[in-house]
Amino acid sequence: MRAFLVHTCFLCVLFYPVASSAQAIDGIRKEKEKSEKEIAYLDKLLNETRSSRSLSFDRLNIVQKKVTRTKQLIGSLEKEVEYYEGQIRINERKIDELGENRKEILELYSKLVYGLWKKKDKADKMMFIFAATDFNQAYNRYKYFEQIQSYSKRQFEQIRVINDSLESRNNQLKQYIVQKNETLKDIDVQNRSLLEQREGENRLIREFRKKEKELTKKLVAEQKNRARLAKELDRLIAEEIRKAAKTGKQTEIKLTPEQQLVSDEFVKNRGKLPWPVEQGIITEKFGIYTNPLYPNVKQENAGVTIATLKNSEIRAVFNGVVASVVFYPGYNNIVMISHGNYYTAYTNLIEVKVKAQQAVNTKQVIGKVGHDMEKGSIFTFTVNKEREKLDPEQWLAK
């Protein structure tokens, strides 16, 4: 009986790690799928500017992001290989344990069968029972034979279960070996792709350094345009504050209860706001930074620069009211939306679908992104609390 309980417990814990292992590989596969989707999207962005012979920092940023994502993909694939190797080791160990367990049960079972064979004659069995000195002894002998028979059936069932488990484990082992080999091939393919990408990145960087004077001038001019854009955004917000101020002061807004509610809800959704485009990547971050290729050139971004596909629709990130729609040279149309005393702005819009004082809902389309043969389809997205510039990346969902 004790041996039966031990074997039963052994079989109960045999497959315990399966659930946690499944969760582990699901997480790895999600990482891998995310990287693969991002790489495919970056390829689409690069294809839209491939025909342009002009050097663009936006293109270089996309190339560098693709290199980074490919590294992440290789990392996920390597984790996948580690997972398969771990599962192979677990299965090999369990197969050995099952084999030992089956051997032990078979030995017990063979002894039991041999013993029963020696006492197989029913007459001998009955004589043994009736040879008892009293009724209790006869009953105990009868129960003994009954338990032996029951135990024999259980042992046989245990052997069958172990055989099935061995077959299942062996099949799993074969599958994991095949999957591991396929993933190793994929790693090899991605490593070759990474080398090609790095070569392409290095070629671009060499081209940038050859044309340092020309591109430095372009960066300085672009920074001046950005500074003018930032001033225009400041002016638009100042105008909104002036309109909304009811205390005679132009430095604060007197919010209505409804506006206060919108403002409070906007704050509650910090880090959870939907992106202003269904799919895109941030190519330039918020704030002041030094250009990595030209350290003498400092740049400043009032928001974040997002690259997306041609004709992509731009949408409001939260409920609000359109504060202004203005055309600004070099940036097509700017749409600014008020969310209480918070403001979001979207530049480089064409085919604008909203007008000033119009109420908009979260994810409502407000226009399309403009396209440039050199830079592709990029726009700037900003977030302000009245005059204070905020990092939009901290407000958008990850």
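Each reported figure results from applying straightforward, stated rules to the coordinates on display, with no laboratory input. Being a predicted model, the structure only gives us computed values, none of them experimental. Cβ atoms come from the backbone with ideal geometry, glycine included; neighbour counts cover every protein chain shown.
Couplings 3J(HN,Hα) of segment 279-293, computed from phi: 8, x, 9, 7, 9, 9, 8, 6, x, 9, 8, 9, 5, x, 8 Hz, in residue order, whole Hz [Karplus 6.51 cos²θ - 1.76 cosθ + 1.60, θ = phi - 60°; x for Gly and Pro].
Distance cut-off 31 Å, Cα to Cα: go down the list Lys180/Lys363; Lys32/Lys94; Lys30/Lys363; Lys243/Lys298; Lys32/Lys231; Lys231/Lys375 and report the pairs above it.
Values: Lys180/Lys363 42 Å; Lys32/Lys94 29 Å; Lys30/Lys363 26 Å; Lys243/Lys298 35 Å; Lys32/Lys231 42 Å; Lys231/Lys375 23 Å.
Exceeds cut-off: Lys180/Lys363; Lys243/Lys298; Lys32/Lys231.
About its Cα centre, segment 274-398 has a charge dipole of approximately 200 debye under the convention of +1 per Lys or Arg Cβ and -1 per Asp or Glu Cβ, with nothing else charged.
Across segment 332-337, coupling constants 3J(HN,Hα) worked out from phi with the 6.51/-1.76/1.60 Karplus curve, θ = phi - 60°, read 6, 9, 10, 10, 10, 10 Hz, and Gly and Pro carry x. In this calculation the C-beta distance from Asp186 to Thr290 is compared with R0 = 30 Å, giving a FRET efficiency of 0.20. Cα centroid separation, segment 44-100 to segment 334-380: 35 Å. For the pair Val220 and Lys30, the difference between a 0.36 nm per residue extended length and the Cα-Cα distance amounts to 64.3 nm.
Go through segment 331-396 and name the GluC sites (Glu not before Pro) that are in a DSSP coil and have 14 or fewer other Cβ atoms within 10 Å of their Cβ. Numbers along the way, then the final one.
Values: sites: Glu351, Glu374, Glu386, Glu388, Glu393; in loops: Glu351, Glu374, Glu386.
Hits after loop and neighbour filter: Glu374.
For the pair segment 185-218 and segment 266-281, the centres of their Cα atoms are 31 angstrom apart.
Could you pull out the trypsin sites (Lys or Arg not before Pro) across segment 168-224 that fall in loop regions by DSSP (anything but H, G, I, E, B) with no more than 15 other Cβ atoms inside 10 Å? Kindly include the intermediate steps, with their values, before the conclusion.
Details: sites: Arg169, Lys174, Lys180, Lys185, Arg192, Arg198, Arg203, Arg206, Arg209, Lys210, Lys211, Lys213, Lys217, Lys218, Lys224; in loops: Lys211.
Here the trypsin sites (Lys or Arg not before Pro) that fit, given the DSSP loop and packing criteria, are Lys211.
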